[in-house]
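Working notes for the structure below.
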Amino acid sequence: MLFIQEFTVKYDKSQRSGEDMRRINNIQFKEISDVRPDFSSGEICFCKEICTRKSAKPAKAVPYQEHFRVSERVFLHKQDEKYQIVYAHRPAQQFFKPVFMLGKNQYGRIVYNWRTSTFDSEWEYFRMIINFLDADASAYRPKLFFRKEPDFLFEDLEWLRYCGEYHKRRITNAR
């Protein structure tokens, strides 16, 4: 059984520095629902939510499909008894790069971020954390992903602040 926990942390420009950002960067996993899903309907247990203070949504078991889409940028392929996790920085270009191969009792994590603007030109920031664990169905518990260090870690973290003229090359007339 492959357990997947995907959650998104959404924040705004007032939270992108200082103690708020330190707290956001420290979020690596959350408790999953203590309601045990019916594992007979699939081999992937998927827990997906937007990070809030509310309790976790119930997980659901789904069947594996070829080129299984975990998120907009992350897909998985099954090869023998292992799962290959692939990542695309720009999915529209269809360039997927393998980031790790997950075997039995292994734990992997993918972290990436992006920003968008709202209709009134305000920036919104997002941090996506996806945890993978290949284990027996009997391993299901609310603190399933609380193992501190994953066996595999892939991060695609962009510099999301607008720096204005800072990055432009300054040309001066020296005389």
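Which of the residue pairs 13/82; 97/148; 10/104; 13/143 have a Cα-Cα distance greater than 29 Å in the structure shown?
13/82; 10/104; 13/143
Excluding residue 146 itself, calculate the net charge of residues whose Cβ lies under 14 Å from the Cβ of residue 146, where each Lys or Arg counts +1 and each Asp or Glu counts -1.
Numbers: positive: 30, 109, 141, 143, 147, 148; negative: 31, 34, 149.
Value of the local net charge: +3.
Students often get this wrong: which residues of region 1-39 have the backbone nitrogen under 16 Å from the point 7 angstrom along Cα-to-C-beta of residue 120?
Inside the label zone: 12-14.
Less than 11 Å Cβ to Cβ from residue 122, Lys/Arg counted +1 and Asp/Glu -1: what total charge do the surrounding residues give?
Cβ neighbours under 11 Å give a net charge of -1.
Quickly work out the residue 15-to-residue 34 label distance, labels modelled 7 Å from Cα along the C-beta direction, and quote it in nm with one decimal.
About 2.6 nm separates the two model spin labels.
Give me the net charge of residue 82's neighbourhood, meaning all other residues with Cβ under 12 Å from the Cβ of residue 82; Lys, Arg count +1, Asp, Glu -1. If you can, show how the numbers build up before the last one.
Numbers: positive: 78, 104; negative: 80, 81, 134.
After counting each charged neighbour, the total is -1.
Here, each number is a calculation from the coordinates, and none is a lab measurement. No experiment lies behind these values; they were computed from the predicted model shown. Cβ coordinates were reconstructed from backbone atoms using ideal geometry, including for glycine residues, and neighbour counts include every protein chain displayed.
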